[in-house]
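The values are calculated or read from the model by the stated rules, or taken from the named source; none is laboratory data. All of these numbers come straight from a predicted model, not from anything done at the bench. Here the Cβ positions follow ideal geometry from the backbone for every residue, glycine too, while neighbour counts run over all protein chains shown. All accessible areas refer to the heavy atoms of the entire protein, side chains included, with ligands and DNA or RNA removed. Shrake-Rupley method; radii C 1.70, N 1.55, O 1.52, S 1.80 Å.
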Amino acid sequence: MSTYRLSTKFIHAGAEPDPSTGAIMTPIYQTSTYVQKAPGVNQGFEYARSQNPTRKALEEALAIIENGRHGLAFSSGVAATDAVIKLLNPGDEVIAAADMYGGTYRLFTRIFEKYGIRFIYVDTTDTANVEAAVTANTKLVWIETPTNPLMNITDIKAVAAISKKAGAWLCVDNTFASPYLQNPLDLGADIVMHSSTKYLGGHSDVIQGALVMNDDSLREKLYFIQKSCGAVPGPMDCFLVLRGIKTLHVRMRQHCENGIVIANYLRNHPAIDKVYWCGFEDHPNHEIAKIQMRGFGGMMSFTLKNDSVEAAHKVLSSTKLFSLAESLGGVESLINHPASMTHASIPREERLKVGLTDGLIRLSVGIEDAEDLIEDLKLAIG
Ligand SMILES: *Cc1c(COP(=O)(O)O)cnc(C)c1O
């Protein structure tokens, strides 16, 4: 399977005809347990927290599409992140990106700090900051690229080299790019994390997370955490993500195409101050983005010249096609206010430090007709 090209992989990854019937689609194995012929004599499945055939097919698919050896599926993206941090011990240090998904920051600061794990936040777009933060206790480097919501890009290859030298794992949250646009394992990362809720699922109908890795012993450790802590997805949800993956490439191509059109429209709009999108040639990390990504996707943020909550609220409540909602990566376009929605769990001072202002608006550009999306924005922005 690994020798096939991208689109072929997305369609055929993990898809073996069901051995009991020949069903071309992996059935939803809605079962909690499996009958054994004699104690310990089974067909590789004992209890569904540990093994489920639908999940197994999905985990194989996840590995294939991220060019990894092993995939693990979790009940949400944050559950996948949670499993990675559980690799660590009290006293261990994590170098984490200063600008990242609010829920990741909340998990690190509000849950794991109290167990004695230290998180050092640095601007990872300048990899010298990562190098400077390394200590003898550094065990994990956590980056997100592009970041949510400011679309900052970190050089994965450079950070992988620093992590390797430090003897630390590098985990990359690849949710925004999706495996269609970027494969962090190929660039030296140890673990790739996804909120499968977003582009992998692609239809805003499932909550799920994923980890992909190459190293066998790392897989064993993470599988042990997965089955011991139990944050596993149900078989129906695994089926939905498996189905989503089959069209990831066609959806992403359209997200990219619409993204270019909308980003340029926003940039030329007289009422708009700044557009954050890594596809612009003058984006500070555009050169790195061009090297490590195959396209720039449909995620972008912008501020109005009138950067007030009131002005932002007017836009946010005026669009008709762009629905006001958290989340991203579905076929339909969404509009979001990070300061009060997805990133409300980050203190205001911390938000402002990284440039996440009160008026910032984030778009997840869907795969509708771009002309309709522009008309919708035109009516809302004026
Ligand atoms: C949504 C999201 C998460 C969290 O995933 P859930 O599936 O909501 O738990 C993590 N990282 C990024 C970049 C996200 O957008």
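Scanning region 6-26 for residues that are open to solvent by 40 Å² or more (accessible area, probe 1.4 Å) and part of a loop (DSSP other than H, G, I, E, B) yields a count of 8.
For region 224-238, does any single residue satisfy the condition of being more than 14 Å from the ligand (Cβ to nearest atom), open to solvent by less than 30 Å² (accessible area, probe 1.4 Å), in contact with a strand residue (DSSP E or B) (Cβ under 8 Å, 6 or more places away or on another chain) and not in a helix (DSSP H, G or I)? No, because not a single residue in region 224-238 is more than 14 Å from the ligand (Cβ to nearest atom), open to solvent by less than 30 Å² (accessible area, probe 1.4 Å), in contact with a strand residue (DSSP E or B) (Cβ under 8 Å, 6 or more places away or on another chain) and not in a helix (DSSP H, G or I). Any residue in region 97-126 that's over 13 Å from ILE85 (Cα atoms): show its pairings with residues that are among the aromatic types (Phe, Trp, Tyr) and buried (at least 18 other Cβ atoms within 10 Å of the Cβ) at Cβ separation under 7 Å, as long as the two are six or more apart or on different chains. Partner pairs satisfying both residue conditions: ALA97/TRP142; ALA98/TYR121. Of all the listed residues (THR319, THR342), the sole one being part of a loop (DSSP other than H, G, I, E, B), within 16 Å of the ligand (Cβ to nearest atom) and crowded, with 16+ Cβ neighbours inside 10 Å is THR342.
If the requirement is being part of a loop (DSSP other than H, G, I, E, B), among the small types (Gly, Ala, Ser) and surrounded by 15 or more Cβ atoms within 10 Å (Cβ to Cβ), which of these qualifies: GLY329, GLY259, GLY244? Walk me through how you get there before you give the answer.
Details: GLY259 fails: part of a loop (DSSP other than H, G, I, E, B); GLY244 fails: part of a loop (DSSP other than H, G, I, E, B).
Result: GLY329 is the single residue among GLY329, GLY259, GLY244 that is part of a loop (DSSP other than H, G, I, E, B), among the small types (Gly, Ala, Ser) and surrounded by 15 or more Cβ atoms within 10 Å (Cβ to Cβ).
Using the structure shown, decide if VAL159 is assigned to a helix (DSSP H, G or I), within 14 Å of the ligand (Cβ to nearest atom) and either in contact with a Pro (Cβ under 8 Å, 6 or more places away or on another chain) or of a type outside the set (Phe, Trp, Tyr) (or both). Working first, answer last.
Working: assigned to a helix (DSSP H, G or I): yes; within 14 Å of the ligand (Cβ to nearest atom): no; either in contact with a Pro (Cβ under 8 Å, 6 or more places away or on another chain) or of a type outside the set (Phe, Trp, Tyr) (or both): yes.
When the stated conditions are applied, VAL159 does not pass them.
State yes or no: is ARG294 open to solvent by 70 Å² or more (accessible area, probe 1.4 Å) and either within 16 Å of the ligand (Cβ to nearest atom) or outside any helix (DSSP H, G or I) (or both)? Break it down into steps so the answer makes sense when it comes.
On the way: open to solvent by 70 Å² or more (accessible area, probe 1.4 Å): yes; either within 16 Å of the ligand (Cβ to nearest atom) or outside any helix (DSSP H, G or I) (or both): yes.
For ARG294, the condition - open to solvent by 70 Å² or more (accessible area, probe 1.4 Å) and either within 16 Å of the ligand (Cβ to nearest atom) or outside any helix (DSSP H, G or I) (or both) - is met.
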